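Have a look at the structure below before the remarks.
The values are calculated or read from the model by the stated rules, or taken from the named source; none is laboratory data. As the structure is a computational prediction, the values presented were derived from the model and not from experiment. Virtual Cβ from ideal backbone geometry, glycine too; neighbours counted across all protein chains shown. Accessible surface areas use protein heavy atoms only, side chains included; no ligands, DNA or RNA. Shrake-Rupley method; radii C 1.70, N 1.55, O 1.52, S 1.80 Å.
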Amino acid sequence: MRFLIITHVFHKPKAQQWFTYAPYVREMNLWLNYVDEVEIVAPTTDTPISEIDIAYQHNKIKFTPIPSLAFINFSRGLKSLLAIPFIFYKLFQACKRADHIHLRCPGNIGLLGCMVQVFFPKKLKTAKYAGNWDPNAKQPLSYKLQKKILSNTNWTKNMTALVYGEWHNQTKNIKSFFTATFKNEDREAIIFRDYSADLHFIFVGSLVEGKRPLLAIQIVEALINRGMPSYLALYGEGVLKKQLQQYIDQNNLGNYIALHGNQTSETIKAALKQSHFSILASKSEGWPKALAEAMFYGVIPIATSISCVPNMLDHGKRGLLIAPDLESAVNKIENCLLDKALLREQSIKASEWSQQYTLELFESEIKNLIVNKIKV
């Protein structure tokens, strides 16, 4: 089988291998276990390979480079518009060669892929929609178009669209899905934490406005000011890093809050086991792996009520759902800290839920989509 991946993710070449964002590649390597040949259509970058980049594992990969698309200013927008016909041609040719077309959405390249796949109604197809599938979510027009095309069974044939969360009134080709990081062997007995001592919080994610890392810092700062010894470790890189460090320094929080940058999965795992709470007050999410990974080890998630997060947290039984408002968020956390039995119950339920979704289960579901050739 020739398996085609269409994605907007930037790729980096080295020693006849292709490297990119590790969580994405780890997932794709599971798909590639069941295919004979792989073609990847994606943009490239000459930025150095970082600690969070790994290579695809397959001995027969064809890489087809395409320009990236961005409409952040007039110049980039004009270049992108001029590049679209070329990208369409490359995608069309790649789809002709493929036995199975796999789209990574949402994204500008994913949108073009959604359009091109319409011309191949007989080919087996899957799409991984890693964003917020909530029909009522406020999203860019390109995202809405992708959702509309993927869920229209007149335009999109033989496609299984994998989405996060349970949503009403979906077409038959929409399949609720999940993602996973840990194996069965990574399961551990629940670590019973002491919520009356120093509290350790963790933030894992990009340091960008959409993830609201400053709000996470301010929440911990407010708890400290209310007399609750609290510490926050932030893992990730992003454009806000300098601004966040300045805030930490200006407010004398260096003894309590630290930016650790990108770290290996083993380092993150060790940090999770030492944490009480994971904060992710995002503006938008698909399946927030940072929360699912934290829950795997009994870390109580604190998150905004977006996308499938309420389902993940069982509407507050497996964690704390907060509004993106500092005062109300801190009040809710403070009130929950008064009930230590409730916190222990949330920790246990979070771990029990997350430990269902192992890589073994994930791979078996992927195998069903490829080897068993499920068509919808």
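In the set (1) in contact with a Ser or Thr (Cβ under 9 Å, 6 or more places away or on another chain); (2) under 22 Å from residue 206 (Cβ atoms); (3) crowded, with 17+ Cβ neighbours inside 10 Å, residue 66 fails one condition alone, (2). Would you mind stating whether residue 164 is touching a residue at least 24 places away in the same chain (Cβ under 8 Å), farther than 26 Å from residue 38 by Cβ and of a type in the set (Ser, Thr, Tyr)? So residue 164 does not fit the description; no.
For the range 332-365, the tally of residues that are assigned to a helix (DSSP H, G or I), of a type outside the set (A, V, I, L, M, F, W, C) and open to solvent by less than 40 Å² (accessible area, probe 1.4 Å) stands at 4.
Looking across the range 125-143 at every residue that is basic (Lys, Arg) and closer than 28 Å to residue 1 by Cα, the one that is surrounded by the most Cβ atoms within 10 Å (Cβ to Cβ) is identified as 125. Going by what's in this entry, would residue 293 be described as modelled with pLDDT of 95 or more and out of contact with any Leu (no Cβ under 8 Å at 6 or more places or on another chain)? It is false that residue 293 is modelled with pLDDT of 95 or more and out of contact with any Leu (no Cβ under 8 Å at 6 or more places or on another chain). Scanning the range 172-196 for residues that are open to solvent by less than 50 Å² (accessible area, probe 1.4 Å) and part of a loop (DSSP other than H, G, I, E, B) yields a total of 9. The conditions of being farther than 21 Å from residue 178 by Cα, open to solvent by 10 Å² or more (accessible area, probe 1.4 Å) and out of contact with any Asp or Glu (no Cβ under 8 Å at 6 or more places or on another chain) are met by residue 271.
Starting from residues that are polar (S, T, N, Q) and modelled with pLDDT under 95, keep the ones in the range 109-152 and report whichever is nearest to residue 68 (Cα to Cα). Only one residue tops the list, namely 142.
For the range 269-290, check the following and say yes or no: at least one residue is closer than 17 Å to residue 187 by Cα and under 15 Å from the mean Cα position of the chain (by Cα). Yes, the conditions are met somewhere in the range 269-290. Screening residue 22 with (1) in contact (Cβ under 8 Å) with a residue 40 or more places away in the chain; (2) in contact with a Lys or Arg (Cβ under 7 Å, 6 or more places away or on another chain); (3) among the hydrophobic types (A, V, I, L, M, F, W, C) gives one miss only, at (2).
Among the residues making up the range 304-326, those that are under 19 Å from residue 283 (Cβ atoms), assigned to a helix (DSSP H, G or I) and without any contact (Cβ under 8 Å) to a residue 40 or more places away in the chain are 309, 310. Residue count for the range 26-84, restricted to those that are acidic (Asp, Glu), more than 13 Å from residue 5 (Cβ to Cβ) and in contact with a strand residue (DSSP E or B) (Cβ under 6 Å, 6 or more places away or on another chain): 1. Taking the range 212-257 as the range and being in contact with a Leu (Cβ under 7 Å, 6 or more places away or on another chain), outside any helix (DSSP H, G or I) and open to solvent by less than 40 Å² (accessible area, probe 1.4 Å) as the test, the residues that pass are 228, 230, 234, 236, 238, 240, 257.
Restricting the range 144-158 to residues that are open to solvent by 80 Å² or more (accessible area, probe 1.4 Å) and in a loop (DSSP other than H, G, I, E, B), the residue that is farthest from residue 7 (Cα to Cα) is 154. Residues in the range 366-376 that are touching a residue at least 60 places away in the same chain (Cβ under 8 Å) and assigned to a loop (DSSP other than H, G, I, E, B): 371, 373, 374, 375, 376. When 61, 54, 40, 5 are screened for being over 21 Å from residue 113 (Cα atoms) and either modelled with pLDDT of 95 or more or surrounded by 18 or more Cβ atoms within 10 Å (Cβ to Cβ) (or both), only 54 passes. Looking only at residues of the range 198-211 that are in contact with a Pro (Cβ under 8 Å, 6 or more places away or on another chain) and not in a strand (DSSP E or B), we find that the one that is farthest from residue 359 (Cα to Cα) is 198.
Pairing residues of the range 77-93 that are at negative phi with residues that are open to solvent by 60 Å² or more (accessible area, probe 1.4 Å), at Cβ distances under 8 Å and at least 6 apart in sequence or on separate chains, gives 77/71; 80/71; 88/115; 92/119.
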